[in-house]
Amino acid sequence: MWKARVPTTTRHRSGALAFGSPSSYPSGMAAPVTIESISAITLATHDMAAAVAFYRALGFRLHYGGGEARFTSFHVGTSYLNLVPQPPEREWTWWGRAIFHVSDVDALYARALSQGLTPQAPPRDAEWGERYFHLTDPDGHELSFARPLP
């Protein structure tokens, strides 16, 4: 049975976390690998056209594909949100939540309402220091739109 080993972490001068301590690496080994960013998140959809319409209604900018495509990608800052079609018999359950930082939480909330979308609740300030609201896409993927509080 596989057992996870909890690595030690150090902070790289760039601010990224590096796993392991210098003494835990063989001599001559380069600096530890750092996880720097997320390139993309890929979500499954049963209805590409509906999913594309949903994300475009929120203001996501299309990079590749579209409602009839076998693969669609949207710009998310320097990263991407991808959609891939899945057959109707393929089911999924709750997997977590994708959190997107936006320039204006309240304006995006108003836009979502104006497009006929139904956020779970109005934006609110959270104790962890963000203003946010949640929304579920047509395939049940939970999304959060947030902005750090000043």
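Rule-based calculations on the coordinates, nothing more; no lab input. What you see is a predicted model, and the numbers here were worked out from it, not measured in a lab. Using ideal geometry, Cβ is built from the backbone for each residue, glycine included, and neighbour counts are taken over all protein chains shown.
Numerical summary
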quantity	calculated
Length-normalised contact order of the stretch 40-148 in % [C-alpha pairs under 8 Å, at least 6 apart]	26
Fraction of beta bridges assigned by DSSP in the stretch 40-148 that are antiparallel (%, nearest 5)	60
The stretch 116-134 and the stretch 55-114: distance between their alpha carbon centers, rounded to Å	17
DSSP-loop chymotrypsin sites (Phe, Trp or Tyr not before Pro) across the stretch 102-142, with at most 10 other Cβ within 10 angstrom	W128
Backbone N under 16 Å from the W92 label point (7 Å along Cα→Cβ), restricted to the stretch 130-150	135-144
Kirkwood Rh and Cα Rg combined as Rg/Rh, the stretch 40-148	0.96
